[in-house]
Amino acid sequence: MSTGDAVAARAPAKVNVHLAVGPLRADGFHELRTVYLAVSLFDTVTVRPGSGLSITVTGEGAGAASGADLVPTDRRNLVWRAAELLADSAGVPADAAIDIAKAIPAAAGLAGGSADAAAALVALDALWGTRAGLEDLLQLAARLGSDVPFSLVGGVALGAGRGEKLSPVLARTRSHWVLGIAGEGLSTPAVYGELDRLRAAGRVPGGEELAAEGPVIAALRSGPAAALAAALVNDLQAPALALRPELGRALRAAVDAGAAGVLVSGSGPTVAALAEDEQDAVRLAAELAGAGVFRTVRAVHGPVPGARLVG
Ligand code: ATP
């Protein structure tokens, strides 16, 4: 969008339809094999000329809206770091007034912060005329966080390393989901920590053998929903459930409502319920909205493109 001097970009939330977590590495990260699916829930980042950096946040997770100041407006915001990194690498001053309109709930396992950072890179690149190519932006994105490169490219991709080593996957078959969003966020590091504890106690497999992503990719390519449902994997589901036992009720509610498949999204606590088709997603969303276990539900589809200028 270009209204006067404003430039806007939007970026999607993601669901990890396959998330296999290896053992803890020496650098404190876990080796992942993940399949990302970008879904149609978008944050929009609007940037304008400014003096220094400033950030305002509206919508989901904004302090005033939720009563809980989940999304910081200072340098702790990933968007702030994205702006500094782009300015630094391009040799321009980091001057911009940035507004983040959030539809993606924070700390929900939907990569909202990563989406904002990716959208900010695209919008600021246009505002500042820095003309970074996709390869340059991908390198900056990987320095910002494991999920930021995927937020830039969107679609479907296989992620290795910490998730930042991406290979695009051609899968045009659309799948329909209902996201059930719980009241309170879960910290991603806390969920990985709980996985390490469960593994040390021998309560879940140690991660030496990672589940193969072939079945989920085949199902994303050609459907049907039942095949995709059968192939869903999330090694973070057990630790998320251990930290948040009421998630069990939420998963059961989705099964009882007739979801074709169900899993926790990323580190949770969002529950992703797979629908048969678009119409079934509308039905499932209405049923889950009335189940009394979610703060809010959203019917979405994927794949959708990554961070793009809008307007
Ligand atoms: P992921 O699935 O990528 O691990 P998530 O979706 O669970 O992450 P985010 O919404 O990215 O979590 O937010 C995680 C934390 O990051 C928040 O609790 C918040 O303090 C911080 N944060 C920094 N910048 C942002 C932002 N722009 N939007 C949301 N949270 C942000």
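See the values below:
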quantity	calculated
Under 5 Å, built H, 5+ apart or other chain: amide partners of residue 55	98
Positive-end residue, the chain charge dipole about Cα centroid, Cβ charges, pick of 255, 40, 270	255
Cα-based convex hull volume of the chain per residue, rounded to whole Å³	126 Å³
Interchain or long-range residues, amide H under 5 Å from residue 163's placed H	32
Among 273, 26, 182: highest mean-square fluctuation, GNM of the chain, C-alpha pairs under 10 Å	26
Relative packing of 277-289, 258-270, 114-126, which averages over residues the other C-beta atoms within 10 Å, highest first	114-126, 258-270, 277-289
Two-decimal log10 I(q)/I(0) for the range 92-167, as the Debye equation yields it once each C-alpha is a single scatterer, q = 0.18, 0.19, 0.22 Å⁻¹	-0.74, -0.82, -1.05
Fewest-first ranking of 30, 18, using other Cβ atoms within 10 Å as the exposure measure	30, 18
Dipole moment magnitude, nearest 20 debye, the chain about Cα centre, only Lys, Arg, Asp, Glu C-beta charged	240 debye
For residue 24, distant residues with modelled amide H under 5 Å away	none
Highest-first arrangement of 246-255, 128-137, 231-240, where packing means the average Cβ count within 10 Å	231-240, 246-255, 128-137
Which of 174, 203, 298 has the fewest Cβ neighbours within 10 Å, and the rest in rising order	203, 174, 298
Hz values of 3J(HN,Hα) by residue in the range 72-84 - Karplus curve (6.51, -1.76, 1.60), Gly and Pro given as x	x, 10, 10, 5, 6, 6, 4, 5, 4, 5, 4, 5, 5
Using θ = phi - 60° and Karplus 6.51 cos²θ - 1.76 cosθ + 1.60, couplings along the range 33-39 (whole Hz; Gly, Pro as x)	10, 9, 10, 8, 10, 7, 10
Charge-dipole axis of the range 66-134 as Lys and Arg at +1 and Asp and Glu at -1 on Cβ define it, positive-most pick from 134, 86, 121	134
Share of alpha-carbon pairs per 10 Å distance bin for the range 1-154, given as whole %	11, 41, 34, 12, 1, 0
Gyration tensor (alpha-carbon) shape descriptor, the range 206-305, a/c threshold 1.5	oblate
Residue among 307, 26, 286 farthest towards the positive dipole end of the chain, charges placed on Cβ	286
Candidates 223, 290, 61, ranked by Gaussian network fluctuation over the chain, Cα under 10 Å, top entry	290
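Quick note: the coordinates plus some simple rules give every number you see, no bench work behind them. Predicted model, so just to flag it, every value in this text is computed and none were measured. Positions of Cβ are generated from backbone atoms using ideal geometry, with glycine treated the same way; all protein chains shown enter the neighbour counts.
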